[in-house]
Amino acid sequence: MRVTDGPLRVLAVDDEEPALAELLYLLGEDPRVGAVAPASTAGEALRRLNGDGGEGFDVVFLDIDMPGLSGLELARLLGALPAPPLIVFVTAYEDFAVRAFDLKAVDYLLKPLRKERFAEAVRRVAELVRAGQGPRPAAPAAPGPPVPALGDQVPVELGGVTRFVPLADITYVEAQGDYARLHTGRGSHLVRIPLSTLEEQWRSRGFVRIHRSRLVALGRIEELRVDGGNLTVRIGDRVLAVSRRNARELRDLLAGRAAGRVR
């Protein structure tokens with residue numbers, strides 16, 4: 001990948017004409033962007049990229065849900081190029097976020113696009129190009145935004161809008177790759193933080209690991225069940241398995257909670 005302070009060279013890929021037009025408009029408005037090439041299918045994008053081995057583009061702004069070859073499939077192919085461009089996914093669907101960052105996407109933008117959020121994605125790309133870095137995973141080694149676990153309000157992003165979920169509302173957390181899904185009584189939210197980080201930060205706030213992929217709020221456990229040697233806990237209407245590795249610590253913590261109530 002080239003190292004440069006010059007304008008970015010961008011390939012924009014979307015099969016819907018209005019969405020592609022909006023993408024081209026936003027790219028054209030950003031002073032950090034230079035040449036922009038459009039493509040309405042993954043096949044057309046591949047033809048443009050294969051013309052020079054992919055080295056002519058710094059980044060591909062890529063829709064996911066396309067006929068034929070999907071954006072995710074195209075990203076996998078691009079990763080095999082000698083000098084793969086960075087990837088920014090642009091989609092109407094939140095559900096693909098985990099798979100997108102598994103493919104080392106720089107960012108994941110949800111439609112309808114917000115100008116401020118779009119500009120932030122371009123800024124990230126420009127910084128990576130200046131530093132001469134290739135695609136990077138979702139959890140970068142360089143310092144990122146403050147971990148939301150440090151406060152009582154957890155910022156989550158949905159549809160380009162940042163909302164704040166009270167830590168006290170979170171009942172349990174599930175690992176999804178380098179992401180974690182926060183569950184509350186009203187729904188769930190995906191955040192770009194590994195479960196191990198949340199475990200470390202939230203242990204003092206009453207959260208305990210019950211499984212390699214699950215963290216629960218101790219105070220939200222309503223029942224502890226043993227069935228055929230298998231341990232589970234009930235939180236609301238959800239029954240969650242407890243691994244044998246974590247069973248003893250959980251029992252001790254629950255016993256301590258019960259003893260505290262007796263006193």
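The values are calculated or read from the model by the stated rules, or taken from the named source; none is laboratory data. In this text, all values refer to a predicted model and were calculated from it rather than measured experimentally. As a convention, Cβ positions derive from the backbone with ideal geometry for all residues, glycine included, and neighbour counts pool all protein chains shown. To get the accessible areas, we keep the full protein, side chains included, count just its heavy atoms, and leave off ligands, DNA and RNA. Shrake-Rupley method; radii C 1.70, N 1.55, O 1.52, S 1.80 Å.
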- Query: In the stretch 4-18, which residues are within 21 Å of LEU110 (Cβ to Cβ), in contact (Cβ under 8 Å) with a residue 24 or more places away in the chain and open to solvent by 20 Å² or more (accessible area, probe 1.4 Å)?
  - Reply: ASP15, GLU16
- Query: Looking at ARG214, ARG257, ARG261, which is the one that is modelled with pLDDT under 90 and surrounded by 13 or more Cβ atoms within 10 Å (Cβ to Cβ)?
  - Reply: ARG257
- Task: Take GLU200 and decide whether it is open to solvent by less than 60 Å² (accessible area, probe 1.4 Å) and touching a helix residue (DSSP H, G or I) at 6+ places or on another chain (Cβ under 9 Å).
- Result: no
- Message: What pairs come out if I take residues in the stretch 184-199 that are farther than 14 Å from SER213 by Cβ and in a helix (DSSP H, G or I) and pair them with residues that are open to solvent by less than 40 Å² (accessible area, probe 1.4 Å) and among the hydrophobic types (A, V, I, L, M, F, W, C) whose C-beta lies under 6 Å away, six or more apart or interchain?
- Response: none
- Query: ASP58 fails exactly one of the following numbered conditions: (1) surrounded by 14 or more Cβ atoms within 10 Å (Cβ to Cβ); (2) under 18 Å from ALA19 (Cα atoms). What is the number of that condition?
  - Reply: (2)
- Item | Verdict on ALA247 being outside any strand (DSSP E or B) and aliphatic (A, V, I, L, M) | yes
- Query: Looking at the stretch 93-127, which of the residues that are buried (at least 19 other Cβ atoms within 10 Å of the Cβ) and over 15 Å from the mean Cα position of the chain (by Cα) is farthest from VAL59 (Cα to Cα)?
  - Reply: PHE118
- Item | Search result, residues across the stretch 220-251 that are of a type outside the set (S, T, N, Q), open to solvent by 70 Å² or more (accessible area, probe 1.4 Å) and either in contact (Cβ under 8 Å) with a residue 40 or more places away in the chain or farther than 25 Å from LEU167 by Cβ (or both) | ARG220, ARG225, VAL226, ASP227, GLY228, ARG238, ARG244, ARG245, ARG248
- Filter the stretch 200-234 for residues that are in a strand (DSSP E or B) and out of contact with any Asp or Glu (no Cβ under 8 Å at 6 or more places or on another chain) and give the result. ILE210, HIS211, VAL216, ALA217, GLU223, LEU224, ARG225, VAL226, ASP227, ASN230, LEU231, THR232
